[in-house]
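Here's the structure, in structure tokens; my notes come after.
Derivation of every value follows stated rules applied to the coordinates shown; laboratory data play no part. The model shown is predicted, which means the values in this text are computed figures rather than measured ones.
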Ligand code: SF4
């Protein structure tokens, strides 16, 4: 009849950043920019810093992990954070850092 209080569900949400990450084989073709529904890939051609940028970057706070950018990338430069190759892990920080200083 009565429910005990010891059976409360253990549903503590985990805070996990699951953004996508662009790595240094990016050629700034902007196909990902066109595919991204949240406009979280920058700099774009008409934005300051595009010419100087070595690659494009994903804003981890704007990314909704839809994955739409991955198949359109002709150089396979975009990975979900969990699958960034070992030798490209530095780009996880670098993508975030681009927006932290902006
Ligand atoms: Fe944009 Fe989706 Fe790619 Fe995130 S996963 S950068 S939201 S296209």
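First check a/c for the stretch 52-102, with a ≥ b ≥ c the square roots of the eigenvalues of its C-alpha gyration tensor; if it is under 1.5, answer rounded, and if not, answer prolate when a/b is larger than b/c or oblate otherwise. Here the stretch 52-102 falls in the rounded category.
Using 0.36 nm per residue and subtracting the Cα-Cα separation, the extra length available between residue 100 and residue 66 on full extension is 10.0 nm. Note: the stretch 17-100, Cα convex hull, 86 Å³ per residue.
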